[in-house]
Amino acid sequence: MLTLSQGTGRRKSAVARVRLAAGSGKITINGRDPVDYFKVENMREFVFMPFKATETSDKFDVKINVKGGGISGQAGAVRHGISRALLELDTNFRPSLKSEGYLTRDPRKKERKKYGQPKARKRFQYSKR
């Protein structure tokens, strides 16, 4: 697989490394098919969103390595990585990817737990006595 462009996508604590090559539209995520990797339909659609926005679904073979986080974070990281790789390949894709919000790194992360509380924001039950 001769790499044309690469992109790194991140969401929460998940990181996806994406490599694009000219081909027939074959996608592999950690050596598996996207249908096998993402069991939930919504998460599976995340992989194809950048290609639908740029109308390039059958032009590139994609190899993705993703690690960290959960399924939702990994799906978001994959979408971000594919979008960045497509942008590196052709800057004319920028308006369509930008308008859909695929180039924006989602900054939301899990808030840290604070002492004196059971979770990040939840408080222990107050009792007067």
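The values are calculated or read from the model by the stated rules, or taken from the named source; none is laboratory data. Because the structure is a prediction, the values reported are computed rather than measured. Here the Cβ positions follow ideal geometry from the backbone for every residue, glycine too, while neighbour counts run over all protein chains shown.
Within region 107-129, residues that are in contact (Cβ under 8 Å) with a residue 24 or more places away in the chain reach partners that are surrounded by 10 or more Cβ atoms within 10 Å (Cβ to Cβ) and assigned to a loop (DSSP other than H, G, I, E, B) with beta carbons closer than 8 Å, at six or more positions or on different chains, in the pairs 108/12; 109/12; 109/13; 110/12; 110/13; 110/120. Of all residues in region 40-59, none satisfies being in a strand (DSSP E or B) and within 20 Å of residue 96 (Cβ to Cβ). For region 60-117, a residue qualifies if it is part of a loop (DSSP other than H, G, I, E, B), of a type in the set (Gly, Ala, Ser) and within 16 Å of the chain's Cα centre (by Cα), and the qualifying residues are 68, 69, 70, 101.
Residues of region 46-65 include at least one that is in contact (Cβ under 8 Å) with a residue 60 or more places away in the chain, surrounded by 11 or more Cβ atoms within 10 Å (Cβ to Cβ) and farther than 19 Å from residue 10 by Cβ.
Residue by residue through region 14-30, note down the ones that are in a loop (DSSP other than H, G, I, E, B) and either at pLDDT below 95 or under 10 Å from the mean Cα position of the chain (by Cα) (or both). The answer is 23, 24, 25, 26.
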